[in-house]
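The values are calculated or read from the model by the stated rules, or taken from the named source; none is laboratory data. Predicted model only: the values in this text are computed from it and were never measured. Reconstructed Cβ throughout: ideal geometry from the backbone, glycine too, with neighbour counts over all protein chains shown.
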Protein chains: 2
Amino acid sequence: MNLKVKLMNWSAGRPVAVLSRKLASRVNIHINDRVVLEKVGRKIVCVTDLSDTMVRDDEIAVSSEVLEELRLAENELLKVEPTAKPQSIYYIHKKLSGEQLTKEEINSIIEDIVSNALTQAEVAYFVSGVFNKGMTKEETIDLTESMADSGIKSNFSSPIIADKHSIGGIAGNRTTPIIVAICASTGLIMPKTSSRAITAAAGTADVVEVLCPVDFSYEKLKQIVEKIGACLAWGGSLGLAPADDKLIQVERLLNVDPEPQLLASIMSKKIAAGSTHIIIDIPYGFSAKVETKEEAKSLGKKFEELGEYFNMKVKTLLTDGSQPIGNGIGPCLEINDILKILHQKKDRPKDLEKKSLFLTAQLLELTGKAKKGRGLILATQMLKSGKALHKFKEIIEAQGGKVIEQKLPKINRDVFTDKNFKIKFIDNKKINELARLAGSPADKKAGVYLYKKRGDKLKKGEKIMTIYSESNEKLKNAWEYYISSKPIG
Amino acid sequence: MNLKVKLMNWSAGRPVAVLSRKLASRVNIHINDRVVLEKVGRKIVCVTDLSDTMVRDDEIAVSSEVLEELRLAENELLKVEPTAKPQSIYYIHKKLSGEQLTKEEINSIIEDIVSNALTQAEVAYFVSGVFNKGMTKEETIDLTESMADSGIKSNFSSPIIADKHSIGGIAGNRTTPIIVAICASTGLIMPKTSSRAITAAAGTADVVEVLCPVDFSYEKLKQIVEKIGACLAWGGSLGLAPADDKLIQVERLLNVDPEPQLLASIMSKKIAAGSTHIIIDIPYGFSAKVETKEEAKSLGKKFEELGEYFNMKVKTLLTDGSQPIGNGIGPCLEINDILKILHQKKDRPKDLEKKSLFLTAQLLELTGKAKKGRGLILATQMLKSGKALHKFKEIIEAQGGKVIEQKLPKINRDVFTDKNFKIKFIDNKKINELARLAGSPADKKAGVYLYKKRGDKLKKGEKIMTIYSESNEKLKNAWEYYISSKPIG
C-alpha cells in the first residue's frame, strides 16, 4: 500500500514507523511487526508503533532514522508492506545450536542486520551463538567478507595503503596520531579512520576531535588524503562495513566480543578501506583484553591468516599491555601527551614515544619505506627533525582545525600516597572507568594524569595522579570510585 | 528532575519516554538510555527517544505502555532519573559464560526483566545462556520461585485447587475445557487460566473466547470461581508471574524454549495461581515438542521434582503426540468439537473425548475425588449424564457468554486425495501453520477440519480435510502452503 509521509522531529535510536490503529487492524499489522518502507531504489525495514492521533489512516509517521536513510519529504508517497520473519532467523538458530553456517547463510544474516530486518534481540542471539559455539576458519573468512561487502568500498589510487590497528583495552596508548604523522611524513599514504570510545576513556576519534573535526563524508576524506597523504578521521559515518557498527551496538550491551567477530570486525573495515599493509597491535597482560602471551599469539596468527586470504600484508605485534601507556587518559590529556612527543618536549611520556616509534618502524619496514632493520632509524629521524610535527599540523589543518596545547580544568584533585611503596600494578580497566566517571570522553577535558608507572618507588605524600573533571559532582564520583576500586597497588 | 506528563495516543510495544533534545543534552541523557519514571509507589524503566517538537524542555511524552502502568494524567508531575546499566547484566554474562547463578543473581535478573530495566536484547542473551549452558536443579528451583514471586499471588480459600497443563505443540488437542467442565461438575475447584496461541493455531483462551469473554481482573475471576467453582479465563492480564510473559516474548523471536525456562515458566504460574494438585500432559512423538519417550520421561521427572519441592502434587502423563487430536484446528472449529463431546453427539471426535476422559480421571484420582482406579468411571458418568455440559454452560454464562454451536465460513476448500492410500503421518507443526495461514487464531472461524487420522485408508477422490478462511486471499495462501508442505503423507 502507499501512504503519505508525515514528518516528525523524533529520534528513536532505530527506524520506527507509526501507523493508525484502524489501518493497521485492517491490513493485519500488529504492534512491533516489521514493515518494509520503499522509495525508488531505497528500502528500509522498521518496527511498527500504533496511534489513533499521530497519523491518519492514509499517513505514516517515521522516526528520524528513517528520514535520514530514505531522505523523505512531507506528504511524499511511500510504499509500505508488511514483511515476514526473515529467513536469517533460522540461520541464527542454527548457529546458536552449534551448527556451522554456509557463506549464503552468513550473507543473509549480515544483509538483514544492515537493512534492520533483524531486531537487536535477534542480533543478540547471533552474538551469543558465535560467543558460545565459535566459528570455523571458513566461517570467519565468510563473515569478514560479508561484513566488508555490507557497505561502501574505498578506492584510493595508491598501490600501497598503510594502516594500523590496536585491539584496544589499554588506558591511554594513543599511538595512532603519532604513527600516522611519522609515516605520512615519509610519503606513505595513510587514510586512517578510527572509532570513538565504547567502554574506554577515549577513542582515537575522540582525541583528535579536540583539535579538529573528524566527521567527514567519504568524498571530503578522499580530497584530504589526496592533498596531504593522510587523515585522522572518525570511521563511523563513512559507511565502511556498517554491519559491524550494528553488531558492536549489541555486543556492548553485555560487553561480549567473541573472537571470530573481533577478527571479522577489524579485518572487514580494513578490506573496505582498501588497506594493503597493516600492522596490528595486540597488547596483552594483566587487565588487558588478552591476558596471556599464548592467547595473543593465537589471535595474532588468525589475523595474519585472514590477511593472507584477503591478499593483504598483515603483521601482528605483541606488546606489553599490563598497564596504561602515556601519562594522560582522556581526550585533552592524551592530545597533550601527543603534542609533547611531536614537539620533543622534555616531559614527554617516554613509554608512549617508544611504543609509537616501534610500531611505526614495523609499518615502514612492512611497506618497504625502510629496509629491514632500518625502520626505527627512519622513524626517529622524522620525529626528531620536526617533519612528523609538520605533517601532523598539515593533517589537522586540512581537517579544519589548529594544533594547540589544551588547558586543563580547574576542577581537579591530586592524589597522594599515604605510605612509602613501590607500584606493583596499574589496572587498565579501572583507570579507564575512573576517567569515564570523571566525564571522559564526552567532557573532553576530563580524565586522569598519571605521574608514575609500574616499578616506580614512591614516598609517603608523593603525588601519584591528578583527576580532572568539568563538574564537581563527577569529580566526587570519580574520587569515590578511586577509593573503593584501588586501581593502583 | 520533575517533568510534566504530555499525554499522547501512541503504543510502542514497550515503555518509551520522549524528552526534548535540549533537556537531554543538559542532563547528559542519550538516545536509548534508560530512565526511571516514578510516581508515588510506582516505578517503570523506559528507553529514551528525543525530539525538538513533540515535547518542551519541562515535559515528557510517554507511550501508552507507560500510561497504563503508572496511570498518568495530562500535566501530572513525574520524577525522571537516568539509571545506570543494571547489575543483572553481569549475572547474564556469567550465565552466558557457563557459570552457575545464585538465588540473589537470578532474583536480580527476574526483577529487572519485570521492571523493564533489561532490554529485549539483554533478555535474549539470558535466554541464550540458559539455552546453551543449561541450569542446575537448584537454579531451576530458584528461577521458578523468582518468577512466581514476580507478580501477584492467588489466594483461593479451598484446600484443593485443581489444575491441568499441557506443554503444547499438538494441533487441536483442546482437552482443557472438557476436563474443567467434568472436574468442576464433581465439585472440584478449578480456576483454570490459559494462554493465547503463540505459534500454534489456537490457545485455549482463543478457543473459549468464541463463546464468552476471557479477559478478567483477578477480583472478577475470584467472584466467578467462588460462585461456579471454576473458570476458563485468559491468564495474560492477571499479573501471575509476569516475568514469564516477557521471557516468552523474547523466546518466540527465535523459537527457542530452553528446558529450565519451560519448567520454570509452567511451574511459576501454577505456584502463583495457588494450584495444589496438577496433572501435566506431555505429548511426545513425531512433530511434537518432545520427540522421544525418553525425553518426555526425563522432562516429566523434572516437573514432579519441582512440584515436590514446592509442596504441590504433580502428576505427569506421557501421551501420544504424534498427530493432531480432535478434528477441528482453529478457535470455532475446536469449540464445535468440544460441544459435540459435551452434547455426546454421534459425530464427536473420539480421540479427543478419550484423551480428555483419561486426563480427567487422573486428576480426579490425584485430588481424591475418585478412588484409585475409579476416576474414569466417575469422569465418564459426569460426561454422559450431561452434568459436565451443565457446568460448562454455567462457566460460560458466568463469564458473560452463551453456549452456541458455531457456523463455519462459506470461504472454504475441500481437499481430496488423488490416489488410494493409507495415512502414515499428519504433521502437527504443518497443520498448525496451515490453520494460521488460513487466518487462525485472529480470524476465529478460520482453520482446518480433518476427516481422517493416521492409519485410516482412503480411496482416490475421498475428502481428507476442509480449509476454512475468512478471506479468499488467506485461503489461497493456505492452499499453496498445503501443496508445498505436504502435511499429510
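Below is a table of values for the structure above.
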read-out: Residues of the stretch B:413-444 that turn out to be in contact with a helix residue (DSSP H, G or I) (Cβ under 8 Å, 6 or more places away or on another chain) and farther than 24 Å from residue B:350 by Cβ, as a count; value: 8
read-out: Subset of the stretch A:121-138 [more than 13 Å from chain B (Cβ to nearest Cβ) and of a type in the set (Asp, Glu)]; value: A:138
read-out: Test: residue in the stretch A:51-61 that is at negative phi, under 35 Å from the mean Cα position of the chain (by Cα) and either touching a residue at least 12 places away in the same chain (Cβ under 8 Å) or not assigned by TED's automatic domain parsing to the domain that holds residue A:116 (or both); value: yes
read-out: Members of the stretch A:328-352 found to be among the polar types (S, T, N, Q) and touching a Gly at 6+ places or on another chain (Cβ under 7 Å), listed by number; value: A:336
read-out: Conditions (1) away from chain B (no Cβ under 14 Å); (2) not in a helix (DSSP H, G or I): number failed by residue A:266; value: (2)
read-out: Qualifying position, being over 21 Å from the mean Cα position of the chain (by Cα), not assigned by TED's automatic domain parsing to the domain that holds residue B:17 and not β-branched (Val, Ile, Thr), among B:124, B:117; value: B:117
read-out: From the options B:366, B:333, B:383, B:339, residue that is surrounded by 24 or more Cβ atoms within 10 Å (Cβ to Cβ) and modelled with pLDDT of 95 or more; value: B:333
read-out: Residue within the stretch A:290-299 that is closer than 27 Å to residue B:122 by Cβ, not in a helix (DSSP H, G or I) and not charged (D, E, K, R) present; value: yes
read-out: Members of the stretch B:279-332 that are among the basic types (Lys, Arg) and in contact (Cβ under 8 Å) with a residue 24 or more places away in the chain; value: B:289, B:293, B:302, B:313, B:315
read-out: Yes/no for residue B:138 being closer than 29 Å to residue B:23 by Cβ and surrounded by fewer than 21 Cβ atoms within 10 Å (Cβ to Cβ); value: no
read-out: Among the candidates B:72, B:67, B:23, residue that is within 13 Å of another protein chain (Cβ to nearest Cβ) and farther than 26 Å from residue B:104 by Cα; value: B:67
read-out: Residue within the stretch B:113-120 that is within 13 Å of chain A (Cβ to nearest Cβ) and of a type in the set (Gly, Ala, Ser) present; value: yes
read-out: Residue match in the stretch B:451-460 (condition: of a type in the set (A, V, I, L, M) and either assigned by TED's automatic domain parsing to the domain that holds residue B:349 or closer than 22 Å to residue A:85 by Cβ (or both)); value: no
read-out: Flag if residue B:339 is within 30 Å of residue B:95 (Cα to Cα) and of a type outside the set (Phe, Trp, Tyr); value: no
read-out: Residue among B:315, B:297 that alone is more than 21 Å from residue B:202 (Cβ to Cβ), among the basic types (Lys, Arg) and touching a helix residue (DSSP H, G or I) at 6+ places or on another chain (Cβ under 8 Å); value: B:315
read-out: Scope the stretch A:96-108; condition away from chain B (no Cβ under 12 Å) and either closer than 14 Å to residue B:254 by Cα or part of a helix (DSSP H, G or I) (or both); matching residues; value: A:103, A:104, A:105, A:106, A:107, A:108
read-out: Unique match (being assigned by TED's automatic domain parsing to the domain that holds residue B:190, in contact with a Phe, Trp or Tyr (Cβ under 9 Å, 6 or more places away or on another chain) and either in a loop (DSSP other than H, G, I, E, B) or closer than 30 Å to residue B:466 by Cβ (or both)) among B:357, B:352, B:339; value: B:339
read-out: Residue check, residue A:35 touching a residue at least 40 places away in the same chain (Cβ under 8 Å), surrounded by 17 or more Cβ atoms within 10 Å (Cβ to Cβ) and away from every other protein chain (no Cβ under 12 Å); value: yes
read-out: Inter-residue pairs, beta-carbon under 8 Å, first within 11 Å of chain B (Cβ to nearest Cβ) and in the stretch A:241-252, second surrounded by fewer than 18 Cβ atoms within 10 Å (Cβ to Cβ), 6+ apart; value: A:252/A:198; A:252/A:199
read-out: Tally, over the stretch B:38-54, of residues that are small (Gly, Ala, Ser) and either facing chain A (nearest Cβ under 7 Å) or crowded, with 21+ Cβ neighbours inside 10 Å (or both); value: 1
read-out: Residue list for the stretch A:431-462, filter: at pLDDT 95 or above and assigned to a strand (DSSP E or B); value: A:447, A:448, A:449, A:450
read-out: Yes/no for residue A:78 being more than 26 Å from residue B:62 (Cβ to Cβ), more than 13 Å from chain B (Cβ to nearest Cβ) and surrounded by 19 or more Cβ atoms within 10 Å (Cβ to Cβ); value: yes
